[in-house]
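The values are calculated or read from the model by the stated rules, or taken from the named source; none is laboratory data. Not measured: the values here are computed from a predicted model. Here Cβ is always computed from backbone atoms with ideal geometry, including for glycine, and neighbour counts include all displayed protein chains.
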DNA sequence: GATATATCTTGAAACGTTTCAACACAATCG
DNA sequence: CGATTGTGTTGAAACGTTTCAAGATATATC
């Protein structure tokens, strides 16, 4: 038999409600009974059944997080930051990995709703995600992370500005002949980075030749294709990768081919993953403030949870966080005469 | 008001129990009522409250996973594999990140127990973890992952054998002068790798000079200290790092100092993280079968959950999975004359 | 000493399910 | 035709909590 609040009450010689009051400080309990209850709890190794409590209280103190993948450094970091923030506030995180499967994404949201989580945080995979539509039919608040949706609560990076930062840095160093490794331009975040980058370059009067732009997946492997740019005439003096992993791939290729970074070619990434800091030279990059994003998302969600009524008729807010440029060793002014 | 099985029943003009039977196929329902119920469910957008169901059924179909950290590639991968395996079986994963905090680890296990998870998977941080002791007081089965405990159920890599594989490979190539980058030797897993490595080398009649052994943390930064080994006379022709991240650190340093891998120095890691496959040359490594470990752990745990009674008196089994050597480009025979 | 007040304790109802035992009805059997 | 079987349906109890309203006791007030 399970040990319940009733068994504790019986052993302590009081009513279950008294035990409950003792546990929750919801009513004063005389020192004598307090001690009895304490002893009974210890003797039976009683632990309150949070599921039952949730049923009664209509709040589970749990939050679901849906991410496309956990091995991508950025997502893994976000998940960690969010777990930490939630834990601090007494919330348990239910992690769902969608594996970029739209069907699965939706079922996971439905499941979380069925489990009566108090709220949901979601990095949806792409614009077509059915889960986004589906999420409107559930009763708990939902905050979209990293990838905003018009008309919904969200917390994300200002990707356009990030692209501008990158452009400004390279242009400021004197680069005029610049390449671009563009990972998955159909993801809005990436598109915005590119747009910001191009817009800013245009402001400097710099035009990126279309054959200096490579498209591919956001994987290390794609970065290896930088070798194609090295054959161009004139060779670009700097390259912006829309993603650190891609930048690392490029970096590896350059080293292998005997090019020196940054003397022969400057390289600039986006994300600020841990590895980049340890390359030699370390990678200059536009840092996604993953800590700030995760914490802000949790803060916003908990607000929605706690002041539910008040927020019902407010138009959802979209929090945009500015990335910052981390200047490290992989970028420098172009060599003389170029 | 929440939409419950009762509201559905009322709208469909039947008893709540009938709706339940319809949902769970626990009793035949006539086609007519079935349709009515279906319609009512759709009309009200009803979704069964899994919390309430759990309370009644005494099973939550959820499992807790405790890991020290989610950004370490190996842990992140394990978490992902486990989530996938659990999801396939209809279980929800509750993720707890202990941040290597022994206190927190314990509280997390207690919390999971309170939430009535059906079982717990745990990568504890170190031998002193109080959580290990604590876990004996809870009622649900627990399987230790990656780091076994005598007398408890566990699934882990055969680290000793992994060390042997590494040694055999290097010795077989002809290396006689071998260095060792040893990350956190007080973690048993690491100690076993080293032991297997040394044992096998001894069998080949090779002794590792004590000043060829460096100790440090399992971080990329530690790998940078390989430069200390490069000054030794004679210089080692190969280095084994007990961890891929450390190996990558070493690899970066070698490249930066102008040493060629593997011509000047062979380098061998442990874990098989994704990044290693993309170095140029790619990293030879002893692969931790993270997929197999995760899946096996889930399989074992679900067995314990489902056949609980039967297992009660069995002595816990400790599953050991053999790692495999992935020979890639970073190792080769030593240069002539050395 | 009666009444009011404060402190402590309690039984019962509720949260949203599932399931047992019982019932109603129709079809089948001998 | 009475008994049996099978198919659908149901009310009530249970899962382990919390909380409301009310009861019990002790203390203070007039």
Which residues, counting only those in the range A:143-157, are buried (at least 19 other Cβ atoms within 10 Å of the Cβ) and in contact (Cβ under 8 Å) with a residue 60 or more places away in the chain? A:143, A:145, A:146, A:148, A:153, A:154, A:155, A:156, A:157
Could you tell me whether the range B:113-130 includes any residue that is at pLDDT below 95 and in a helix (DSSP H, G or I)? yes
Would you check which residues across the range B:3-17 are near DNA strand D (Cβ under 9 Å from one of its atoms) and either in contact (Cβ under 8 Å) with a residue 12 or more places away in the chain or not in a loop (DSSP other than H, G, I, E, B) (or both) and list them? B:9, B:12, B:13, B:14, B:16, B:17
Can you find even one residue in the range B:59-75 that is within 11 Å of DNA strand C (Cβ to nearest atom) and assigned to a loop (DSSP other than H, G, I, E, B)? yes
Within the range A:87-96, identify whether any single residue is away from every other protein chain (no Cβ under 13 Å), surrounded by 23 or more Cβ atoms within 10 Å (Cβ to Cβ) and under 16 Å from the mean Cα position of the chain (by Cα), and answer yes or no. no
With the first residue restricted to the range A:70-85 and required to be at the interface with chain B (Cβ under 9 Å from one of its Cβ atoms), and the second required to be surrounded by fewer than 23 Cβ atoms within 10 Å (Cβ to Cβ) and part of a helix (DSSP H, G or I), Cβ contacts under 6 Å at 6 or more apart or on different chains are A:71/B:77
Unique residue being buried (at least 23 other Cβ atoms within 10 Å of the Cβ) and away from chain B (no Cβ under 14 Å) when the list is A:238, A:250, A:333: A:238
Condition test on residue A:118, is it farther than 28 Å from residue A:324 by Cβ and touching a residue at least 60 places away in the same chain (Cβ under 8 Å)? yes
Note: among A:32, A:51, A:13, just one is near DNA strand C (Cβ under 10 Å from one of its atoms) and within 11 Å of another protein chain (Cβ to nearest Cβ), namely A:51
Looking only at residues that are within 10 Å of DNA strand C (Cβ to nearest atom) and crowded, with 16+ Cβ neighbours inside 10 Å in the range B:19-29, which one is nearest to the chain's Cα centre (by Cα)? B:23
May I ask you to list the residues in the range B:18-58 that are outside any helix (DSSP H, G or I), more than 8 Å from DNA strand D (Cβ to nearest atom) and farther than 30 Å from residue A:61 by Cα? B:25, B:26
